[in-house]
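The values are calculated or read from the model by the stated rules, or taken from the named source; none is laboratory data. Everything quoted here is computed from the prediction, not taken from an experiment. Reconstructed Cβ throughout: ideal geometry from the backbone, glycine too, with neighbour counts over all protein chains shown.
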Amino acid sequence: MGIAGTVERIDESGRVVLPAGLKPGANVRPAGEDIALGQAALRAGSRLRPQDVALAAAFGLTHVDVTRRLRVAVFSTGNELVSPGRPRAASQLFDSNRFMLAAMLARLGCEVRDLGIIRDDRAAMA
């Protein structure tokens, strides 16, 4: 399969033979068809997706100014907390909020560093 909607055949001399009935200008897209004059192609502050990178390349851009993802550290505090999957005493709770916050931040595109549980100890929190 070659040009959209056509099947190419190569004859014995190596020439490409197109099917009969193709009209001049068929499958040709005019410049500016995807984006109207004055319309922003890419918006500042948006996350670049693969199709955005392709669009930048289609405009002939060799680089795009970007900002690094926000880095966020999350931790929980308290002697009463224990990580899920670990044994816990009757007086302890499984730490759940840290995982929720990390997932929410990751969904927003943040680079998340999990610092675990910090015990109720002034020296550990300093």
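Here are the numbers for this structure:
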quantity: Selection count where residues are in a strand (DSSP E or B) and either out of contact with any Leu (no Cβ under 9 Å at 6 or more places or on another chain) or surrounded by 13 or more Cβ atoms within 10 Å (Cβ to Cβ) (or both), scope region 95-112; calculated: 1
quantity: Within region 76-126, tally of residues that are of a type in the set (F, W, Y) and under 30 Å from S46 (Cβ atoms); calculated: 1
quantity: D52 among the acidic types (D, E) and surrounded by 11 or more Cβ atoms within 10 Å (Cβ to Cβ); calculated: yes
quantity: Test for S96: is it touching a residue at least 12 places away in the same chain (Cβ under 8 Å) and among the polar types (S, T, N, Q); calculated: yes
quantity: Odd one out for L61 among (1) in contact with a strand residue (DSSP E or B) (Cβ under 9 Å, 6 or more places away or on another chain); (2) at pLDDT 90 or above; (3) in a loop (DSSP other than H, G, I, E, B); (4) not β-branched (V, I, T); calculated: (1)
quantity: Condition check for L115: part of a helix (DSSP H, G or I) and under 31 Å from the mean Cα position of the chain (by Cα); calculated: no
quantity: Selection status of D95, under 30 Å from A31 (Cα atoms) and in contact with a Ser or Thr (Cβ under 8 Å, 6 or more places away or on another chain); calculated: no
quantity: Matching residues in region 65-78 - criterion: being surrounded by 12 or more Cβ atoms within 10 Å (Cβ to Cβ) and either part of a loop (DSSP other than H, G, I, E, B) or not small (G, A, S) (or both); calculated: R69, V72, V74, F75, T77, G78
quantity: Tabulated pairs, region 16-36, first under 30 Å from D52 (Cα atoms), second surrounded by 10 or more Cβ atoms within 10 Å (Cβ to Cβ) and of a type in the set (S, T, Y), C-beta under 9 angstrom, 6+ apart or interchain; calculated: A26/T6; N27/T6
quantity: Residues within region 6-46 that are of a type outside the set (V, I, T), surrounded by 10 or more Cβ atoms within 10 Å (Cβ to Cβ) and assigned to a loop (DSSP other than H, G, I, E, B), tallied; calculated: 9
